[in-house]
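Just so it is clear, none of the values below were taken in a lab; they were calculated from the coordinates. What you see is a predicted model, and the numbers here were worked out from it, not measured in a lab. Cβ coordinates were reconstructed from backbone atoms using ideal geometry, including for glycine residues, and neighbour counts include every protein chain displayed.
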Amino acid sequence: MFSIEQAIMIPFVLLAIVFILFIGKKDFFDKKFVATLFVSQLFVIAIFFSLSKIIYHKWIMHYGSQVFTNFFSIDTFSRFFKYFLKYIFLLRQWNYNTANSIYEFICKPVVFYSLLILLIVSCVYAFKKYLSRNLRFGFILLMILMYALSLFPVLQLYLSTLLSVEGDRLGYISSVFIFAIFIYFIYQFHKTIARVIVIVFVCLNLFFLIQTNKDWNLSQQILTSYNNSYQFKARKIFVLATPENYKGIYLIRTKAGLAEILKYRANKIIQQDFIDVVHFNQCSFNDGIKVEKENDSTLIIGFTKTGNWFWRDALGASDYSNQDFKYRTADWNSKVTLRNFDPKQDIIIYPDSSKWKQFVW
């Protein structure tokens, strides 16, 4: 459940608890907490970013500070509402077009500002009620505040709406407070109605949890099948298409590519050079690539069935080239023109039905 992106907000979440308690009980203020815990955690966080800058020459690793730009925008702040709907209504399990239309609807200015005004008015009302010693409204305020704080560091990171697993960890911590608010309002109904809603909600989540675990299990079967089928030796190995993920679950997504997966997941130390051409998303065990020869240097690659698309660096693939090949997209397939390829010393492999196969030039 731990997410390093949100770890930096933990001291502020704790401070929010102190703040809400202080409002409800004027004589409550733990100076020791502020001095020993809050300030010390801020100091540790400052050291973390400083070391990152000194050692890696970046304030923010992995994503980079360039991601955190244009913060004050509807697209950024609308994610407070998007994450809420994603978890409460299980939008991840919906049809992509339907779920995406909901996300786009929230981004419309009139909708976004209406929701924002409603939220602000509700918080002001809850704040006044809490000042009058109504502790339930203090609880609501605290949950909203903790939800906002826990989600704050990841607002500008990628909100996955297409793949069913990728990026979900970014909402795990904040979902705790979402469900707390949800359960509170559900139990404002008659107890019988509330219990029925909660039971249905839990059952739905358990069902989709089981389905997700099955997807993880199948992803490991797919990866094992690929690793077991690899038995090639050559000077250079041109990998026409690499299975990057299965329904959002990583298969072969590393900078070192196939060599690293074979080393750490199959204990196969490969000394040959791998040339990764393009990646793709796998949707079933039997997905694969078909290869045709266009001329003496160019191959046409496509999918054996619909539902897949080519990737590059976790995004949709586009035309690019290097010293080893030239990759070009087409309407229903792609073309790969090989450079520095010696058929006597080098080989070409491609995936089919979760196995590596060699293309005979």
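Identify, among His279, Leu258, Leu338, the residue whose Cα sits farthest towards the positive end of the charge dipole of region 233-359, taking +1 on the Cβ of Lys and Arg and -1 on the Cβ of Asp and Glu, with the dipole about the Cα centre. Ranked along the dipole, the leading option is Leu258.
For a paramagnetic label modelled at 7 Å from the Cα of Arg339 toward its Cβ, which residues of region 286-307 fall within the zone defined by backbone nitrogen distances under 20 Å? Only 294-301 fall inside the zone, counting backbone N under 20 Å.
Taking the Cα-to-Cβ direction at Asn217 and at Cys203 and moving 7 Å from each Cα, how far apart do the two end points lie in nm? Computed distance between label sites Asn217 and Cys203 equals 2.2 nm. The charge dipole of region 4-188, taken about the Cα centre with unit charges on the Cβ atoms of Lys, Arg (+1) and Asp, Glu (-1), comes to about 520 debye, rounded to the nearest 20.
Ranking Cys203, Ile186, Leu115 by Cα position along the charge dipole of region 104-217, where only Lys, Arg, Asp and Glu carry charges on their C-beta atoms, puts Ile186 farthest toward the positive end.
Give the calculated FRET efficiency between Lys129 and Phe33 to the nearest 0.05, with a Förster radius of 41 Å applied to their Cβ-Cβ distance. Given R0 = 41 Å and the Cβ-Cβ separation, E is 0.95. For the chain, the dipole from Cβ point charges (+1 on Lys and Arg, -1 on Asp and Glu) about the Cα centre works out to 1020 debye, to the nearest 20. Each Cα pair under 8 Å and six or more residues apart adds its sequence gap; the mean of these over the residue count of region 180-322 is a relative contact order of 18 percent.
When the P(r) is computed for region 79-218, the part past 25 Å accounts for 35% of the Cα-Cα pairs.
Under the convention that each Lys and Arg Cβ holds +1 and each Asp and Glu Cβ holds -1, the size of the dipole of region 242-361 around its Cα centre is about 340 debye. Based on the reciprocal of the average 1/r between different C-alpha atoms, the Kirkwood radius for the chain equals 24.2 Å. Each of Ile88, Val13, Ile74 was placed along the dipole of region 7-92 (beta-carbon charges, centred on the mean Cα), and the one lying farthest toward the positive end is Ile88. When you restrict to C-alpha pairs under 8 Å that are six or more residues apart and normalise by the size of region 4-188, the relative contact order lands at 30 percent.
Give the distance, in whole Å, between the Cα centre of region 146-186 and the Cα centre of region 285-358. A separation of 37 Å, based on Cα centres. Spin-label model, Thr304/Ile269: points 7 Å from Cα along the beta carbon direction are separated by 3.4 nm.
The orientation-averaged projection of the convex hull spanning the C-alpha atoms of region 207-280 amounts to 5.0 square nanometres.
Within region 4-188, the percentage of alpha carbon pairs spaced more than 21 angstrom apart rounds to 59%. Can you give the FRET efficiency to the nearest 0.05 for Ile10 and Asn100, using r as the Cβ-Cβ distance and R₀ = 22 Å? The pair Ile10/Asn100 has a calculated efficiency of 0.10. Helical content alone sets the calculated 222 nm signal of the chain at -15000 deg cm²/dmol, taking -39,500 (n - 2.57) per DSSP H segment of four or more residues and averaging over every residue.
R0 = 25 Å: FRET efficiency of Glu260 with Ser297, Cβ-based, nearest 0.05? FRET efficiency, Glu260 to Ser297: 0.30. Stretching Leu90 away from Val111 to a fully extended chain increases their span by 5.5 nm, per 0.36 nm per residue minus the current alpha-carbon distance.
Could you grab the relative contact order for the chain? Cα pairs under 8 Å, six or more apart, rounded to a whole percent. That works out to 13 percent. Multiplying the residue separation of Leu119 and Phe19 by 0.36 nm and removing their Cα-Cα distance gives an extension gain of 34.0 nm. Once the chain from Met61 to Ser40 is taken as fully extended at 0.36 nm per residue, the excess over their C-alpha distance is 5.3 nm.
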